[in-house]
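The values are calculated or read from the model by the stated rules, or taken from the named source; none is laboratory data. Keep in mind that this is a model prediction, so the values were computed, not measured. Neighbour counts run over all protein chains shown; Cβ positions are idealised from the backbone, glycine included.
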Amino acid sequence: MKLLWLAICNIEDKRALERERDRGKPAGKRRAKPRLVEGQTTTNWKQALAQLTTAYPDRINPYL
């Protein structure tokens with residue numbers, strides 16, 4: 001799961017840079033791809049964080 005999450009974050013970072021470079025260009029000249037999941041938000045993050053804190057307290061708690 002962690003590797004999948006990190007891969008998605010890496011892809012999004014690259015796409016964000018491409019979108020930034022394309023900002024201000026006409027729509028027909030933009031080359032950047034859209035977000036992986038356009039318009040979606042992360043839900044139930046507090047519940048997931050609570051479960052991760054319970055499962056891995058030594059890894060999560062220092063960052064809270």
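Restricting to the range 39-59, and then to whatever is loosely packed, with under 10 Cβ neighbours inside 10 Å and not in a helix (DSSP H, G or I), can you tell me which residue is modelled with the highest pLDDT? In this case the residue turns out to be Asn44.
Taking the criterion of being part of a helix (DSSP H, G or I), closer than 21 Å to Ala7 by Cβ and modelled with pLDDT under 80, would at least one residue in the range 20-38 satisfy it? The answer is no; no qualifying residue exists. For first residues located in the range 1-16 and small (Gly, Ala, Ser), partners that are at pLDDT below 75 and lie 6+ apart or on another chain with Cβ distances below 9 Å form the pairs Ala16/Arg35.
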